[in-house]
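Below you'll find the structure, written out as structure tokens, and then a few comments.
The values are calculated or read from the model by the stated rules, or taken from the named source; none is laboratory data. Treat the numbers as computed from the prediction; the structure is a model and nothing was measured. Cβ placement follows ideal geometry from the backbone for every residue including glycine, while neighbour counts extend to all protein chains displayed. With ligands, DNA and RNA removed, areas are computed over all heavy atoms of the protein, side chains included. Shrake-Rupley method; radii C 1.70, N 1.55, O 1.52, S 1.80 Å.
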Amino acid sequence: MGLGPDITEVLARARADLRMGVPIVLTGAQSVMAVAVETVTEARLAGLREMGTPPVLALTARRAQTLKARSYDGDLARIAVPDEVALGWLQALSDPADDLATPMKGPLASVRTGDPAPHRAALQLCKSARLLPAALCVDVADGLALAAAHGLTVVPMAQAAVMLQAQNPLHEIVQARLPVEVSEAGRLHVFRPEDGGEEHYAMEIGRPDRAKPVLARLHSACFTGDVMGSLKCDCGPQLRAALAQMGDEGTGVLLYLNQEGRGIGLANKMRAYALQDQGFDTVEANHRLGFEDDERDFRLGSDILKSLGFSSVRLLTNNPAKVAMMEASGVTVAERVPLKVGENRFNSGYLATKAAKSGHLL
């Protein structure tokens with residue numbers, strides 16, 4: 001391997017560029033320049049229009065459904081961008097914040113010719129960068145030359161398509177003793193993904209026997225609930241109850257996965273909360289933003305458990321999807337241990353939606 005970046009590192013650069021509002025160039029049978037709508041500036045929008053090819057707005061099918069736009073490409077829609085529209089028009093199509101105030105945003109013309117693969121990759125990168133899944137894309141004649149002239153990151157589609165679907169390997173980088181309230185015999189393990197994303201943690205309580213099913217909890221990070229004590233969810237009470245039960249039993253493993261807001265990030269989670277204040281439930285809010293019900297990858301939890309030497313768990317969860325994922329990933333779930341705590345008048349509707357639409361056993 002030379003000094004240059006491999007495809008994993010190129011994709012990490014691309015995510016960083018999109019977060020900064022810098023375009024990237026996706027190369028293949030057709031080269032496409034793409035930029036995140038959330039972060040693009042007026043000046044860069046003008047520069048994209050100077051490319052000579054009409055830009056298109058790539059949106060997920062979920063967002064397109066809200067806008068009543070046709071999705072000829074299955075999981076996404078490519079919307080033709082009129083010459084006269086300003087940045088505000090693009091932002092209004094991408095962000096549902098003002099949908100109720102200005103519901104009529106069309107008519108919208110969807111593109112149905114050409115290869116949608118670069119647009120799909122751009123949306124996947126926006127999602128993994130924790131941005132709104134909306135990308136402004138322009139076909140370009142010579143992507144490599146254009147990227148070289150402007151110092152832009154080049155993403156080769158043939159390699160990127162594979163990597164964007166692949167499971168991201170995790171590596172333990174450090175562990176140390178960490179006494180905590182529920183157990184003085186605590187040990188924290190830190191795992192880092194190869195793609196440069198957020199690190200994930202495993203809190204080991206006591207000295208669990210690797211030959212027996214370990215009491216385990218897959219807990220997705222929730223800044224609002226775990227740290228701020230939010231009453232809009234049951235995450236904080238679940239975290240504390242899981243640790244308390246592990247302390248009472250003397251052993252356990254809590255996996256703390258940095259997948260805030262069901263994997264959409266804190267900013268988008270707050271956007272979803274704002275939509276809930278408009279009357280939408282948690283699933284509807286995610287869909288209006290352009291996300292699926294749940295964007296998390298629970299395979300991270302099974303990978304961490306196996307790397308720590310555990311092959312069987314007693315899983316503290318109300319979510320059957322976590323049980324199914326564990327079993328599919330080679331970790332036996334000897335028992336599902338219910339974790340029904342934290343309901344209050346602020347989150348009763350949220351919990352009812354999780355039961356009705358996401359299958360949680362509440």
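Of the set (1) under 22 Å from the mean Cα position of the chain (by Cα); (2) at negative phi, all apply to residue 74 but (2).
Do any helices (runs of 4 or more DSSP H) entirely within region 52-169 hold 1 or more residues that are open to solvent by 20 Å² or more (accessible area, probe 1.4 Å) and farther than 23 Å from residue 20 by Cβ, and if so, which?
Details: elements: 61-67, 87-94, 117-128, 143-150, 157-165.
Output list reads 61-67, 117-128, 157-165.
Filter region 300-314 down to the residues that are among the hydrophobic types (A, V, I, L, M, F, W, C) and under 23 Å from the mean Cα position of the chain (by Cα) and list them by number.
At the first step, the residues of region 300-314 found to be among the hydrophobic types (A, V, I, L, M, F, W, C) are 300, 304-305, 308, 310, 313.
Hits for region 300-314 are 300, 304, 305.
The single condition from (1) modelled with pLDDT of 95 or more; (2) over 21 Å from residue 127 (Cα atoms) that residue 50 fails is (1).
Among residues of region 318-343 that are more than 16 Å from residue 355 (Cα to Cα), those with a beta-carbon under 8 Å from a residue that is among the hydroxyl-bearing types (Ser, Thr, Tyr) and in a helix (DSSP H, G or I) at least six positions away or on a different chain give the pairs 325/302; 326/302; 329/302; 330/302; 331/302. Of all residues in region 280-294, those being more than 30 Å from residue 331 (Cβ to Cβ), assigned to a loop (DSSP other than H, G, I, E, B) and touching a residue at least 40 places away in the same chain (Cβ under 8 Å) number 2. If only residues of region 230-250 that are aliphatic (A, V, I, L, M) and touching a helix residue (DSSP H, G or I) at 6+ places or on another chain (Cβ under 9 Å) are counted, the one that is surrounded by the fewest Cβ atoms within 10 Å (Cβ to Cβ) is 231. The conditions of being touching a Ser or Thr at 6+ places or on another chain (Cβ under 8 Å), open to solvent by 30 Å² or more (accessible area, probe 1.4 Å) and small (Gly, Ala, Ser) are not met by residue 356. Among the residues examined, residue 307 qualifies as surrounded by fewer than 17 Cβ atoms within 10 Å (Cβ to Cβ), of a type in the set (Gly, Ala, Ser), in contact (Cβ under 8 Å) with a residue 40 or more places away in the chain and more than 30 Å from residue 101 (Cβ to Cβ).
Quickly run through region 19-46 and pick out the residues that are assigned to a helix (DSSP H, G or I) and in contact with a Leu (Cβ under 6 Å, 6 or more places away or on another chain).
Step one: filter region 19-46 for residues assigned to a helix (DSSP H, G or I), giving 19-20, 42-46.
Selection gives 42, 45.
Once region 17-41 is narrowed to residues that are open to solvent by 50 Å² or more (accessible area, probe 1.4 Å) and at pLDDT 95 or above, the residue that is nearest to residue 166 (Cα to Cα) is 19.
Could you tell me how many of the residues in region 1-11 are touching a residue at least 60 places away in the same chain (Cβ under 8 Å) and surrounded by fewer than 21 Cβ atoms within 10 Å (Cβ to Cβ)? First the steps, then the outcome.
Here is the first cut: in region 1-11, the residues touching a residue at least 60 places away in the same chain (Cβ under 8 Å) are 7-11.
Adding the requirement that they be surrounded by fewer than 21 Cβ atoms within 10 Å (Cβ to Cβ) leaves 7-10.
Adding up the residues that qualify gives 4.
Go over the candidates 253, 227 one by one and state the one that is of a type in the set (Val, Ile, Thr) and open to solvent by 20 Å² or more (accessible area, probe 1.4 Å). Let's see the steps before the verdict.
Working: 253 fails: open to solvent by 20 Å² or more (accessible area, probe 1.4 Å).
So the residue among 253, 227 that is of a type in the set (Val, Ile, Thr) and open to solvent by 20 Å² or more (accessible area, probe 1.4 Å) is 227.
For region 295-330, the tally of residues that are touching a Leu at 6+ places or on another chain (Cβ under 9 Å), within 23 Å of residue 174 (Cα to Cα) and assigned to a loop (DSSP other than H, G, I, E, B) stands at 3.
Residue 211 meets the conditions (1) more than 21 Å from the chain's Cα centre (by Cα); (2) assigned to a helix (DSSP H, G or I) in every case but one. The failed one is (2).
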